[in-house]
Amino acid sequence: MVHLQCLPPSVEPRVSDHMPHIIDMIKQIVDNGYAYRVEGDVFFSVENFPEYGQLSGRKLEDNRAGERVAVDSRKRNPADFALWKSAKEGEPFWESPWGPGRPGWHIECSAMSAAYLGYSFDIHGGGMDLVFPHHENEIAQSCAACKQSNVSYWIHNGFVTVDSEKMSKSLGNFFTIREVMDLYHPLALRLFLMGTHYRSPINYSDVLLESASERIFYIYQTLHDCENVLSQHDKGLQESIPPETLNVINKFHNDFSTSMSDDLHTPVVLAALSDPLKTINDLLHTRKAMRIESVAALEKIIRNVLSVLGLMPTSYSEALQQLREMALKRAKLTEDKILQKIEERSEARKNKDYEKSDAIRKDLAFVGIALMDSPDGTSWRPAIPLPLQEQQVAAT
């Protein structure tokens, strides 16, 4: 999580440390007439809570009893769910007004969120599979304990699929974050994840990871070039910014504000980066008259947006070097080997052996190494391997 630049949670509560909160909430629900006791168990009565189903849109008659667990004949309604379960042999238990036992699956979340955030708070997250029954039950029990209970926004993320098939342990098609980060830069993985709206399913594939890796290299290379140019100029220099550059900056700012305010629509923001990045490259590499104030203003807004998205590296040069090292690892090459190939290609070109020159370029492109010729010589950068590029073209 640190490598992915995820902010740490303010609190990481444990259920076992909050048993008094849980028991107090269950007592409140029982006292308010929304739950009943059967022997040592306590069940929530869904029929006593008319709003049940408000999050998922499901009606009580739609619920098919016994689909997930065996129906307990002691329940008044098959949809009633456990708030407290009596102790079973070999299981941990705590003392309660209903005898020794443990909390049900849902109550701990309501009790702990109320303990730290109060009964009303802004955002509640979770996977799509938790909408029903888990979050539906959370709403019911929280509102039953306190009528003022409210969550302003429910944030549900989609599933990860692998080559369009759901990632799961049973299918054996899952990867850990550590395994992915062994071959790809953590911020390339973060960019890849942000390239799909969080509510949508996201398809994990090598070609998409390679594409994200190439894209983030381009972003950091552009900003690194920008940083180098800006360091050579007087920071106090105040030139006016041309209208066309101002238009690019204002449009990007508006796209960012509008998209992030629209249910955190990160894919649109990432796509909107293209224009300011292209404008920087035009100013740095193609136009004769460069306005340094324009470059500084464009770099600043891109940097600010990347900071909000958690995509700003400690340093551009360090991130670029890490991206190169990982590309070498994926290509199973060393930098010395690539430099040797560049030398061989230069020699072939001098000798007008263009067939050999093209073959060297293509061999390197095959494993994800792109060669770039300039008046200063030939350099290399990570790229999507040729077979995956062809696969990408075929798919589109």
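The values are calculated or read from the model by the stated rules, or taken from the named source; none is laboratory data. Just so it is clear, the model here is predicted, and its values are computed rather than measured. Virtual Cβ from ideal backbone geometry, glycine too; neighbours counted across all protein chains shown. Ligands, DNA and RNA are excluded from the accessible area calculation, which covers all protein heavy atoms including side chains. Shrake-Rupley method; radii C 1.70, N 1.55, O 1.52, S 1.80 Å.
Looking at this structure, is LYS235 modelled with pLDDT of 95 or more, of a type outside the set (Phe, Trp, Tyr) and either in the same structural domain as GLU299 (by the TED database) or open to solvent by less than 50 Å² (accessible area, probe 1.4 Å) (or both)? Here the answer is no, as LYS235 does not meet what is asked. Select from segment 356-393 the residues that are at pLDDT below 95, open to solvent by 80 Å² or more (accessible area, probe 1.4 Å) and farther than 15 Å from SER205 by Cα and list them in ascending order. Matches in segment 356-393: PRO375, ASP376.
Looking across segment 10-29, the residues that are open to solvent by less than 80 Å² (accessible area, probe 1.4 Å) and part of a loop (DSSP other than H, G, I, E, B) come down to VAL11, PRO13, HIS18. The requirement of being in contact (Cβ under 8 Å) with a residue 24 or more places away in the chain, surrounded by 16 or more Cβ atoms within 10 Å (Cβ to Cβ) and more than 19 Å from THR196 (Cβ to Cβ) is satisfied by HIS135.
Just wondering, is there one or more residues in segment 270-292 that are open to solvent by 20 Å² or more (accessible area, probe 1.4 Å), closer than 18 Å to LEU4 by Cα and basic (Lys, Arg)? No, the conditions are met nowhere in segment 270-292. Output the number of residues of segment 313-327 satisfying the condition of being in contact (Cβ under 8 Å) with a residue 24 or more places away in the chain and assigned to a helix (DSSP H, G or I). Summing the residues that are in contact (Cβ under 8 Å) with a residue 24 or more places away in the chain and assigned to a helix (DSSP H, G or I) in segment 313-327 gives 9. In a residue-by-residue description of segment 333-354, the property of being within 39 Å of the chain's Cα centre (by Cα), open to solvent by 100 Å² or more (accessible area, probe 1.4 Å) and not assigned by the TED database to the domain that holds MET181 applies to at least one position. Of all the residues in segment 300-330, those that are open to solvent by 60 Å² or more (accessible area, probe 1.4 Å) and under 12 Å from HIS185 (Cα atoms) number 5.
Among the candidates HIS156, HIS124, the residue that is touching a Lys or Arg at 6+ places or on another chain (Cβ under 8 Å), closer than 30 Å to HIS265 by Cβ and in a strand (DSSP E or B) is uniquely HIS156.
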